[in-house]
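Please read the structure below before turning to the comments.
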Amino acid sequence: MALTTQALFSGPVCAGVATLADTASHDSLDAELHALGQVTKKRRAEFLAGRLALRRAQAQMGIPPFALLPGKDRAPVWPKGFCGSISHAGDQAVAVLGSMSDWRALGVDLEIDAPFPKDLLETVLTRKEQMRLSAFQVPPRAAQLIFSAKECVYKAQYPLTGLLFGFDMLDVTLYQDQGRFDAVFQQNAGPIAAGTSVIGHFSIIGGMIVCAAGFRR
């Protein structure tokens, strides 16, 4: 999967990608593996693929590898001066990494490019979003894009707010011909006021959907 960060972020971001197969010859930092603990073989491979993607993003930024460890809430704690996000789906993993001098937080989400389950539409999509689906040539793909957009914005906001919330917190408008989306907060989320709009971007590459968003300085 060839990922072009210029198409996903309106600012300087480094990215790395990896597959589960890549992890056969890759090991993580000892501290990271210790924090992971005893998990299934599949979970370990997913974890290693995500960390390998991060190592590649770190190399692209020209910095030595650093350990990314979980906090008390199990969310990753990025070292001072850095922000980023990791996601995996299928046999792929992606990591994005930025400087806190440019970004307050970043979010990325990776999904398989497959039809979104009909039985989850009312859970994930607002009524407005469901009404907009009819405007798209492939509504199930549009629904999957909306889901992924919400996931990446949620990841981006969490380091800023520490809040867990449902899918109805965000209303997403897709601009599929432009490869971007607009996610609007429907309620206050900590320091993020209701009505705040987050512009994100997406790419569909090699059978995968990648959505990305961030909060700029």
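Values quoted throughout were computed directly from the atomic coordinates according to the rules given, and no laboratory measurement underlies them. These numbers were taken from a predicted model, which means no experiment stands behind them. So basically every Cβ, Gly included, is an ideal-geometry build from the backbone, and we count neighbours across all protein chains shown.
Relative to the present Cα-Cα distance, how much length would full extension add between I112 and Q187 at 0.36 nm per residue of separation? Walk me through the intermediate numbers first.
Values: separation 75, 0.36 × 75 = 27.00 nm, distance 2.95 nm.
Here the segment from I112 to Q187 would lengthen by 24.1 nm.
Would you mind computing, in nm to one decimal, how far apart the modelled labels at K41 and F66 are, each placed 7 Å from Cα along Cα→Cβ?
Distance between the two pseudo-spin positions: 3.5 nm.
For the chain, modelled as a GNM with alpha-carbon contacts under 10 angstrom, which of I63, I86, I112 fluctuates the most?
I63
Please arrange I205, I199 by counting, for each residue, the other beta carbons lying within 10 Å of its beta carbon, fewest first. It would help to have the intermediate numbers written out before the result.
Details: I205 16, I199 13.
Ascending number of Cβ neighbours within 10 Å: I199, I205.
Per the helix-only calculation at 222 nm, which mean residue ellipticity applies to the chain, given -39500 (n - 2.57) for every DSSP H run of n ≥ 4 and division by its residues, nearest 500 deg cm²/dmol?
Numbers: 5 runs with 61 residues, N = 217.
Helices in the chain give a 222 nm mean residue ellipticity of -9000 deg cm²/dmol.
What distance in nm separates the two pseudo spin-label positions at T161 and L29, each 7 Å out from Cα along the beta-carbon direction?
2.9
So which cysteines in the chain don't have a second cysteine's C-beta under 4.7 Å from them?
Flagged as lacking a Cys partner: C14, C83.
For helix 41-61, what angle does its Cα long axis make with the longest principal axis of the chain, in degrees from 0 to 90 and rounded to 10?
Approximately 90 degrees, to the nearest ten.
Please list, or write none, the lysines whose alpha carbon is within less than 28 Å of the alpha carbon of K150, excluding same-chain residues fewer than 8 places away.
Partners within reach: K42, K72, K80, K118, K128.
Could you tell me the ratio Rg/Rh of region 109-216? Both radii from Cα atoms, Rh via Kirkwood. Spell out each step's value before the answer.
Numbers: Rg = 13.0 Å, Rh = 13.9 Å.
Ratio of gyration radius to Kirkwood radius for region 109-216: 0.94.
Scan around A105 for amide H atoms under 5 Å from its own, H built in the peptide plane at 1.01 Å from N, and keep only partners 5 or more places away or cross-chain.
So A105 has HN proximity to F215.
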